[in-house]
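The values are calculated or read from the model by the stated rules, or taken from the named source; none is laboratory data. In this text the structure is predicted, and so the values were computed from the model without any measurement. Glycine also receives a Cβ, built like all others from the backbone with ideal geometry; neighbour counts cover every protein chain displayed. These area figures cover heavy atoms from the full protein model, side chains too; ligands, DNA and RNA do not enter into them. Shrake-Rupley method; radii C 1.70, N 1.55, O 1.52, S 1.80 Å.
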Amino acid sequence: MAEETNQPEASQPSAEEQKPSPASQEAKLKSEKPAAGAGAAKPKKEKPPAVEDKPFTEFIEQHFNPTLKQALTAQGIDDVELNLSKQSLPIATANEQCWQVSGNWQNGQRQFKIYFLDEDISGPKAFSYATSGGKPSTLESFMIDERKITLDLMVLYTLQRLNGQKWLSRN
């Protein structure tokens, strides 16, 4: 006679329990689908760094000054000279030096400067102009409302400021 043990029978899942739920089937299908396109996902190409992210002097000398000169030439000013230098501000009490882009044309009869108070294009900036070799009478804030400073915006604002003096076109 066979001895019976009092161990519970191994429970077998019912037919309903064996079927995967519709939600789990969809999730499985989505994870098995290849990415749209040619099957395997292609690695993203790294974007080269923006010119605005380059070191300050490199950006000004290699990008801003040439682009501004080209834009001024397109406005009919072909004898413009642009220079980057570190000088004192043109006010009597200023002892600190800052980077300045100086522009002049018509044999120095028209001059302007963009002052970078920090060695950073996103930092505070100022603008001044003078005529006939004189000293600037006003130092104005420049590009103070812009959150993101780009090469194109810097050139545009400079052209707008010079045009405000009626130096670029006859209004």
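Considering every residue within the range 31-54, establish whether at least one is in a helix (DSSP H, G or I), closer than 27 Å to SER141 by Cα and either of a type outside the set (A, V, I, L, M, F, W, C) or modelled with pLDDT of 95 or more (or both). The answer is yes, given that some residue of the range 31-54 is in a helix (DSSP H, G or I), closer than 27 Å to SER141 by Cα and either of a type outside the set (A, V, I, L, M, F, W, C) or modelled with pLDDT of 95 or more (or both). Of all residues in the range 109-128, those satisfying the criterion of being touching a Gly at 6+ places or on another chain (Cβ under 9 Å) and either open to solvent by 30 Å² or more (accessible area, probe 1.4 Å) or polar (S, T, N, Q) (or both) are GLN109, ARG110, GLN111, LYS113, LEU117. Scoring PHE64 on the criteria (1) assigned to a strand (DSSP E or B); (2) surrounded by 17 or more Cβ atoms within 10 Å (Cβ to Cβ) leaves a single failure, condition (1).
Sort out which residues of the range 77-108 are more than 16 Å from LYS135 (Cα to Cα), touching a residue at least 24 places away in the same chain (Cβ under 8 Å), open to solvent by less than 60 Å² (accessible area, probe 1.4 Å) and not β-branched (Val, Ile, Thr), and write them in order of number. Once the filter is applied, which keeps residues that are more than 16 Å from LYS135 (Cα to Cα), touching a residue at least 24 places away in the same chain (Cβ under 8 Å), open to solvent by less than 60 Å² (accessible area, probe 1.4 Å) and not β-branched (Val, Ile, Thr), the range 77-108 yields LEU84, TRP99.
Quick one: would you say GLY108 is among the small types (Gly, Ala, Ser) and within 20 Å of ALA50 (Cβ to Cβ)? No.
Across the range 126-171, the number of residues qualifying as aliphatic (A, V, I, L, M), assigned to a loop (DSSP other than H, G, I, E, B) and touching a helix residue (DSSP H, G or I) at 6+ places or on another chain (Cβ under 7 Å) comes to 3.
Give just the number: which of (1) open to solvent by less than 50 Å² (accessible area, probe 1.4 Å); (2) among the polar types (S, T, N, Q); (3) more than 13 Å from ALA71 (Cα to Cα) does THR131 not satisfy? THR131 satisfies every listed condition except (1).
Scanning the range 83-125 for residues that are among the polar types (S, T, N, Q), assigned to a loop (DSSP other than H, G, I, E, B) and under 18 Å from GLN165 (Cα atoms) yields GLN106, ASN107, GLN109.
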